[in-house]
Every structure is written in C-alpha cells, then in structure tokens.
1. Per-residue accessible area for Ile47 at 1.4 Å probe radius, Å² rounded to 10?
2. Which shape class, rounded, prolate or oblate, goes with segment 18-113 when its Cα gyration tensor gives a ≥ b ≥ c as root eigenvalues, a/c under 1.5 marks rounded, and past that a/b bigger than b/c marks prolate?
3. Over the chain, what lengths in whole Å, largest first, do the semi-axes of the equivalent ellipsoid take, defined as the square roots of 5 times the eigenvalues of the alpha-carbon gyration tensor?
4. Accessible area of Val136, 1.4 Å probe, to the nearest 10 Å²?
5. Which of the aspartates and glutamates could be linked to Lys165 by a straight reach, that is with a Cα gap under 17 Å, when you skip same-chain ones fewer than 8 residues away?
6. Can you give me the long-range amide H partners of Lys194? Hydrogens built in the peptide plane at 1.01 Å from N, cutoff under 5 Å, separation of 5 or more residues or another chain.
7. Using 23 Å as the Cα-Cα cut-off, could you pick out the over-long pairs in Lys115/Lys194; Lys63/Lys179; Lys2/Lys54; Lys25/Lys131; Lys95/Lys131; Lys74/Lys95?
8. Scan around Ser40 for amide H atoms under 5 Å from its own, H built in the peptide plane at 1.01 Å from N, and keep only partners 5 or more places away or cross-chain.
Amino acid sequence: MKYYVVIPAYNEQDFIEATLQSLVKQSVLPTQVVVVNDSSTDKTAEIVNEFVQKFDFIRLVNKQSNSVHLPGSKVIRAFEAGFAVLDDAYDIIVKLDADLILPTTYFETVLQHFKSDSQIAMVGGVALIEKNGNWVVESLTDTDHIRGAFKAYRKTAFKQIGGLKPAMGWDTVDELLCKFYNWKIKVDTSLQVKHLKPTG
C-alpha cells in the first residue's frame, strides 16, 4: 500500500522540522510528501527546502492566499493545492498538520488497519499535548472522531465523498459522508501523536 502525505503550512518554522523528521523516520516511508507553504512570512519554506534536498519523495509547493478566510477554508485550499500536484497512484491519502511528532511506527500501523478491513475509510490516532512537562491526551479527543490534524483516507472513500470540503467543520463533514456511504472510521488510541501547537 502506498501512502501520500499533504502538509498545509503557514508560518510553521518552529514546528515543521520536527514534523518532517518524524515522517522521514517512519518504519514505512511515504511514497510522496508535499508541503504547501501557504503565504508564510517566516522560514517555513527554507526549512522544508533542506528536506527537499535530502529526500527525493518530499516536495515544496508555494501558494499565495489571503489572510482573511473562513475557519477551515485556508487549510483545505492549501491541501487542495498540494493534492493537485500528486499522481493518482496512491492507495491512502493523508492530510497532516505541520506541528506534529508521529511515533516511528505510526503509518505502518495505519496501513495495517486499512489492510485488515476493506470497509475502513479513515484511520487516525489520538493527540497528546504537553502539560507541566508531561504529554497527556488532548481534551478534544473523541474515540469516535479523528482529529483534522492527522487524517488518513482510503482512496476509494476519499473520492466517493468528493475530497475535503473547504468550510468550517470539514473534518466532521468528511466522517459523516463516510458513514453515509457505510464506510468505517478507525481511531487507534495506541497511536499517540504529539501535537506541538494544540488547538485553542
């Protein structure tokens, strides 16, 4: 199974290196990674370019967008810009935030879930945030819902729901559509992702 990753990034110089390091250390590497630099004014693009020079499966796309946007719209438009440069040879498409540290076997386990049940449309872990020096499960965690920060989609399901919707609540709409089409959603609580810049 081949998985492709799209990472929308806006002013993520403090986090993007750690995210990409955790990606290139995966026990099963992605076939393609596209980072979309969405009008960043910091060193995000420079940091990504260092990885582009070292890893032939990582690419950088620069996108210009307005700073005024509806919640959810900016990040999904950036995702779409990255998705547009990919070929169609993937089995799994992943939307990943630029402020995460993934455990080394994260995608190996994600792929195992997809292989184990052809009706699984989406797979994800749970987010940890740092509190008083400890990493704890983020309070927004719901074992019936995959956080928008790290969503992996089976290609057939992704196409059936029409991709991601650029509106507030896109990461709930996608799951509702998958359930409407009788797909399953898998949250694996053993897959714990460090969220460096937690929501809110």
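1. We get 30 Å² for Ile47.
2. Working: a/c = 1.72, a/b = 1.44, b/c = 1.20.
Verdict is prolate for segment 18-113.
3. On the way: eigenvalues 106, 74, 66 Å².
Largest first, the chain gives 23, 19, 18 Å.
4. Val136 exposes around 50 Å² with every protein chain in place.
5. Output for Lys165: Glu80, Asp97, Asp174, Glu175.
6. Ile101, Leu128
7. Details: Lys115/Lys194 25 Å; Lys63/Lys179 33 Å; Lys2/Lys54 21 Å; Lys25/Lys131 26 Å; Lys95/Lys131 26 Å; Lys74/Lys95 14 Å.
Long pairs (Cα-Cα over 23 Å): Lys115/Lys194; Lys63/Lys179; Lys25/Lys131; Lys95/Lys131.
8. Residues meeting the criterion, in which the H sits 1.01 Å from N, are Asn11.
The values are calculated or read from the model by the stated rules, or taken from the named source; none is laboratory data. All of these numbers come straight from a predicted model, not from anything done at the bench. As a convention, Cβ positions derive from the backbone with ideal geometry for all residues, glycine included, and neighbour counts pool all protein chains shown. Side chains included, ligands, DNA and RNA excluded: accessible areas come from the protein's heavy atoms. Shrake-Rupley method; radii C 1.70, N 1.55, O 1.52, S 1.80 Å.
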